[in-house]
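Engineer: Okay, here's the structure, questions in a sec.
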Amino acid sequence: MKKMVILIGNYGSGKTEIALNMAVMAASEGKRTQVIDLDRINDYFRMSDHVKLLEEKKVDIVSPTFAGQGVTQSSVSAAVASAFAQDWDLVIFDVGGDPAGALSLARYHQDFAAMPKGQVEVYDIVNVFRPMSESPEKIMKLKAEMEGFARQEVTGFINNSNLLNYASAEDLRRGYEVLRETSLMSGIPVVHTTGRREYLEEFLADGRDAAFIGVPIALDTYMHRSWDSFAYGGI
């Protein structure tokens, strides 16, 4: 049965990194995999820069930018239709981290609504070290805003808490505590905890409640750019 996973979340939450990892892992298992890049706003961390990688891994990609690929934005809508029309095992939607990004998903509301129950999952990726994600109350507020624009309800949280180049297992521990409280408050499960393999393994060794960890996913690093370089140097 086809499965569609929609990844939403704040800027810097790690949507694109997780989308890349999910797609590559699925393709390595022999699954027919497609990635839809709907992040039309944030060109700094864009899926399009990884077209070659995805092609090598046998992952199909639909993107509004397609850096250097000669695809115009006017052709993107028709290409997105292939997600619903063709026989994929997994389709991953990487949605921009702001209202405009979420609105780009809303135009396909009827297509999602026509799919059988259980085939569409909407995961809110949370990095508790990013603005508007530091507390359960802020996470719930941002989630509600994105749900309204995207016309989709979140079905699960992903703990991807990290300080990028200064990441550690302690980051995941902090994310666990915040998302445990958020999950209890909302009734929405934590479906995955993600992070670099060494930090994830250290975190898992603590023996915390698996109900608030979900299925762990060890991430390979494809996005090598630094938030400090972006914020202060514009590079």
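The values are calculated or read from the model by the stated rules, or taken from the named source; none is laboratory data. Source: prediction; values computed, not measured. All Cβ positions, glycine included, derive from the backbone under ideal geometry; neighbour counts span all protein chains shown. Side chains included, ligands, DNA and RNA excluded: accessible areas come from the protein's heavy atoms. Shrake-Rupley method; radii C 1.70, N 1.55, O 1.52, S 1.80 Å.
Engineer: Among the residues of the stretch 204-222, which ones are within 19 Å of Tyr123 (Cβ to Cβ) and either part of a helix (DSSP H, G or I) or among the charged types (D, E, K, R) (or both)?
Structural biologist: Ala210, Ala211, Phe212, Asp220
Engineer: Would you mind telling me which numbered condition in (1) modelled with pLDDT under 95; (2) within 16 Å of the chain's Cα centre (by Cα) Ser161 fails?
Structural biologist: Only one criterion is unmet by Ser161, namely (1).
Engineer: Continuing with the same structure: Being open to solvent by less than 60 Å² (accessible area, probe 1.4 Å), of a type in the set (Asp, Glu) and over 15 Å from the mean Cα position of the chain (by Cα) narrows it down to one residue among Asp171, Asp209; which is it?
Structural biologist: The unique qualifying residue is Asp171.
Engineer: Evaluate the stretch 74-94: report whether one residue or more is surrounded by 14 or more Cβ atoms within 10 Å (Cβ to Cβ), touching a helix residue (DSSP H, G or I) at 6+ places or on another chain (Cβ under 8 Å) and modelled with pLDDT under 90.
Structural biologist: Taking every residue of the stretch 74-94 in turn, none turns out to be surrounded by 14 or more Cβ atoms within 10 Å (Cβ to Cβ), touching a helix residue (DSSP H, G or I) at 6+ places or on another chain (Cβ under 8 Å) and modelled with pLDDT under 90.
Engineer: Here is a follow-up. Given the conditions (1) at pLDDT 95 or above; (2) surrounded by 11 or more Cβ atoms within 10 Å (Cβ to Cβ); (3) more than 29 Å from Ala144 (Cβ to Cβ), and given that Ser186 satisfies all but one, which numbered condition is not satisfied?
Structural biologist: Among (1) at pLDDT 95 or above; (2) surrounded by 11 or more Cβ atoms within 10 Å (Cβ to Cβ); (3) more than 29 Å from Ala144 (Cβ to Cβ), Ser186 violates only (3).
Engineer: Check the stretch 109-122 and report whether any residue there is modelled with pLDDT of 95 or more and of a type in the set (Gly, Ala, Ser).
Structural biologist: no
Engineer: Is it fair to say Val128 is among the β-branched types (Val, Ile, Thr) and not in a loop (DSSP other than H, G, I, E, B)?
Structural biologist: Taking the combined requirement at face value, the residue does not satisfy it.
Engineer: Working only within the stretch 133-154, note down all residues that are open to solvent by less than 50 Å² (accessible area, probe 1.4 Å) and in a loop (DSSP other than H, G, I, E, B).
Structural biologist: Once the filter is applied, which keeps residues that are open to solvent by less than 50 Å² (accessible area, probe 1.4 Å) and in a loop (DSSP other than H, G, I, E, B), the stretch 133-154 yields Ser133, Ser135, Gln152, Val154.
Engineer: I need the full set of residues from the stretch 10-54 which are under 18 Å from Leu219 (Cβ atoms), in a loop (DSSP other than H, G, I, E, B) and modelled with pLDDT of 95 or more, in order please.
Structural biologist: Selection gives Glu29 alone.
Engineer: Being closer than 18 Å to Ala205 by Cα, in contact with a helix residue (DSSP H, G or I) (Cβ under 8 Å, 6 or more places away or on another chain) and acidic (Asp, Glu) is the filter here, so list the residues in the stretch 160-194 that pass it.
Structural biologist: Asp171, the sole residue that qualifies.
Engineer: Still on this structure, please answer the following. Among the residues of the stretch 169-198, count how many are of a type outside the set (Gly, Ala, Ser) and assigned to a helix (DSSP H, G or I). Even if it seems obvious, please write down each step before you answer.
Structural biologist: Initial filter on the stretch 169-198 (of a type outside the set (Gly, Ala, Ser)): 170-174, 176-182, 184-185, 188-194, 196-198.
Filter once more, so that each one left must be assigned to a helix (DSSP H, G or I): 170-174, 176-182, 184-185, 197-198.
Summing the residues that are of a type outside the set (Gly, Ala, Ser) and assigned to a helix (DSSP H, G or I) in the stretch 169-198 gives 16.
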